[in-house]
Every structure is written in structure tokens, then in C-alpha cells.
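A short worksheet on the structure shown next.
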Amino acid sequence: MTERPSYDPSGMRLNQRVWRTVLVWLPVVAWMVLIFLFSAQPADESAAISGGLLGWLVDQLTRLMPDLSLDLDYFHHFIRKTAHFAVYAVLGMLTLTAVRQSRPLSTSRPPSTSRPLRVSRPPGRIELLLAWLISIVYAVTDELHQITVPGRSGEFRDVVLDSCGALSGILLMALLLYLRWRHRQRRQQKRKAASAGR
């Protein structure tokens, strides 16, 4: 008579934790790969892309304001630095989300891997700092990578700009999560008050 395999709930929870960690970090890794690909473009290709965007923006602005005069070199520089800031703001938001959702799971009820983990509390200081540190480290490696790309260079001020963009995204995401948490807290309080009044 063959023995039936023993059921190990701890092993199942471990597998779910591993898969969940992989899933919640996929958007972060995908965004980092996208940043890497843009940084790998030689200076001529990168300038052509941003120049095309600049031309489109100038056309739209001149249609709205025909008498508008722009310093194209300054405007081009502004567009590129704004893109730096915005790209890392998104990275900061994604990283904070992944840091929060990859925390150790409860052992009492293993959640389904088919949907993202819901974290009821707002992010803590450790999570905020960890998400920012990861973003800063990637900004540094991105600038170091650009040193090897023809026509491009790594600049410390870009690391500062990228870090500020990541911090703004992290703080924005933290604010949104806090507001959602407060909304849920108030809704629960109203439900408790309504139940107590019956």
C-alpha cells in the first residue's frame, strides 16, 4: 500500500510568497529595462527622438499662441530634464508599491496568487526609505551606463534630478495610499457605529 504524499501548508505558502514577490516586482524590472534601453541610445538617436517631440510641441504652442517666441535650446533642455524627472517619479511609485506588497505574508490565510496583495496600512518610513534607496542606486548605475554609450555622459546632477523625481513619486504614492487608508478607516467606523446603533 503506497503512502499518500503529506500536505505541507508551509511549503505552499512559501511557493506563493516567491511567486507573489516575482509578480509585484515585474513592473519595476520592466520599467528599469525601459530606462536602460533609452539610456543605451547613442546621443544622435536620443536627440532625434527628443527633437521630434520638441518640434511637435512647438507646432502646437505656436498654433495656440502665434506671437510666442521660444528659446529652442532651452526648451529642448527643459523637455529632456522633465522627462528624466517624470520617468524616475514613475519608478519611485512602482518601487514603493513593490516594496510594500512583497512584505512577509500572513501564515493564517495564504492569499490567492491571481490577484495583487492588498496592504491595509499606509507605508512606513522603512518602506519609503528602501524604495528611495533602490531608485537612487538605479539612477547611479544608469548614469554609469551612459558613460559607455557613444556621445553620452554620466552626470551627478542627473543623479540628483532622478533621485528628486523618484522621491516625488514615492511621496505622491504614499499620500494616495494614506488617503485610501483613511477613507477605509472612516467607512469601517461608520459601519461599526451603524451596527452599534441597531
Approximate spin-label separation Ile79-Arg186, in nm, with each point projected 7 Å along Cα-to-Cβ: 4.2 nm
Sorted peptide list for 139-147, 183-191, criterion being average Cβ within 10 angstrom, highest first: 139-147, 183-191
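Where a number appears in this text, it was derived from the coordinates with a stated rule and is not lab data. Keep in mind the model is a prediction, meaning the values are calculated, not measured. With ideal geometry, Cβ positions are generated from the backbone for all residues, glycine too; neighbour counts draw on all protein chains shown.
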